[in-house]
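Participant: Sharing a structure here in structure tokens format.
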Amino acid sequence: MNQQRIAILTDSGTDVPQAFSRTHDIRTLPLSIRFSEGDYLDGVTISPEEVYSRLPVEIPKTSLPAADTVRSTLADLQKEGYKTVFIITISSALSGTYNLMRLCAADFPNLDCRLIDTRNIGIGAGFTVMRAAEMVRGGFGADRIEETLRGLVKTPRCFSAFRPLNTLQRAAVSAR
């Protein structure tokens, strides 16, 4: 545990590399991914590579982490002695994860839960998580970290390339 007793909690939609998460003690809650033949936990029972390989055939549905998992993780962080938790999620406009985390955090009045809606997805959101982790490791206080993260969220700059484009088109149509 770091001296500031600050934890970072995120969802798997931020695409923070697992090695970075392990090194920086980032808790990542998996999103659910549903293909026609079954449900999976992102990064736990299905890899991102497997999801990508299936996209030309089927666009999966996704859903939030389980509320019990969120509460259990927050309870663990509290038991471990953390005082502040940065909860950094993918865009609230694209997922209900932010709202779920907000509701669950309200059940932990002894934790200073600071929610950050990245207004982004994938590694664009992950960069915010990674910056928070670097600042915690650098010894910055919670107020300074929050100020920096909110500044990052105001001016996101992340570009994506999709190939083939018909996969992106099918994903957009299935999201409607």
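Participant: Rounded, prolate or oblate: which one fits region 68-152, using the alpha carbon gyration tensor with axes a ≥ b ≥ c (rounded when a/c is under 1.5, else prolate when a/b beats b/c, else oblate)? Don't jump to the answer; show the numbers that get you there.
Facilitator: Values: a/c = 1.92, a/b = 1.10, b/c = 1.75.
Judged from the Cα gyration tensor, region 68-152 comes out oblate (a/c at least 1.5, b/c at or above a/b).
Participant: Rounded to the nearest 5, what % of the DSSP beta bridges within the chain are antiparallel ones? Mind dumping the intermediate values first?
Facilitator: Values: 7 of 23 bridges.
Of those bridges, close to 30 percent are antiparallel.
Participant: May I ask you to list the residues of region 17-33 whose amide nitrogen lies under 11 Å from a point 7 Å from Cα along the Cα→beta-carbon direction of residue 69?
Facilitator: 28-33, by backbone N distance to the label point.
Participant: Same structure again: How much solvent-accessible surface does residue 57 expose, in Å² to the nearest 10, with a 1.4 Å probe and all protein chains in place?
Facilitator: Residue 57 exposes around 130 Å² with every protein chain in place.
Participant: Pop out the ³J(HN,Hα) list for region 4-11 in order, Karplus 6.51 cos²θ - 1.76 cosθ + 1.60 with θ = phi - 60°, rounded to Hz; leave Gly and Pro as x.
Facilitator: 6, 6, 10, 10, 10, 10, 9, 10
Participant: Let me ask something additional. According to the square roots a ≥ b ≥ c of the eigenvalues of the Cα gyration tensor, what is the shape class of the chain, taking rounded for a/c under 1.5, prolate for a/b larger than b/c otherwise, and oblate for the remainder? Can you show the working numbers first?
Facilitator: On the way: a/c = 2.03, a/b = 1.60, b/c = 1.26.
Note, shape of the chain comes out prolate.
Participant: Return one whole number: the accessible area per residue of region 78-123 in Å², for a 1.4 Å probe.
Facilitator: Details: 2120 Å² over 46 residues.
In whole numbers, region 78-123 has 46 Å² accessible per residue.
Participant: Ok, one more. Can you pull the accessible area of residue 155 for me, 1.4 Å probe, Å² to the nearest 10?
Facilitator: Near enough 80 Å² of accessible area.
Participant: Report, ordered by chain and residue number, the aspartates and glutamates lying within cross-link reach of residue 154, taken as a straight Cα distance under 12 Å and ignoring same-chain residues fewer than 8 apart.
Facilitator: In chain and number order, the partners are 117.
Participant: Ranked from the most accessible area to the least, with a 1.4 Å probe and all protein chains present, what is the order of 82, 98? Walk me through the numbers before you get to the answer.
Facilitator: Values: 82 10, 98 55 Å².
Sorted descending by solvent-accessible area, the residues read 98, 82.
Participant: Which far-off residues, 5 or more places away or on another chain, put their amide H under 5 Å from the one on residue 113, with H placed in the peptide plane?
Facilitator: 85
Participant: Work out the FRET efficiency for residue 37 and residue 103 from their Cβ-Cβ distance, taking R0 = 30 Å, and round it to the nearest 0.05. The partial results should precede the final answer.
Facilitator: Working: r = 31 Å, r/R0 = 1.05.
With a Förster radius of 30 Å, E is 0.45.
Participant: Expressed as a whole percentage, what fraction of the accessible surface of the chain belongs to carbon and sulfur atoms when a 1.4 Å probe is rolled over the protein heavy atoms? Provide the component values of the computation, followed by the final result.
Facilitator: On the way: 5250 of 9990 Å².
The value for the chain is 53 percent carbon and sulfur by accessible area.
Participant: Next question, about the same structure. For region 21-26, just list the computed ³J(HN,Hα) in residue order, Karplus coefficients 6.51, -1.76 and 1.60, θ = phi - 60°, integers in Hz, with x standing in for Gly and Pro.
Facilitator: 4, 5, 4, 9, 6, 8
Participant: List, in order, the whole-Hz ³J(HN,Hα) value for each residue of region 68-82 obtained from phi through the Karplus relation with A = 6.51, B = -1.76, C = 1.60 and θ = phi - 60°; use x for Gly and Pro.
Facilitator: Computed from phi, the couplings for region 68-82 are 4, 5, 4, 4, 4, 5, 5, 5, 4, 4, 5, 4, 6, x, 5 Hz.
The values are calculated or read from the model by the stated rules, or taken from the named source; none is laboratory data. Fair warning: this is a prediction, and the values are worked out from it, not measured in the lab. Cβ coordinates were reconstructed from backbone atoms using ideal geometry, including for glycine residues, and neighbour counts include every protein chain displayed. Just the protein is used for accessible areas: all its heavy atoms, side chains included, with ligands, DNA and RNA removed. Shrake-Rupley method; radii C 1.70, N 1.55, O 1.52, S 1.80 Å.
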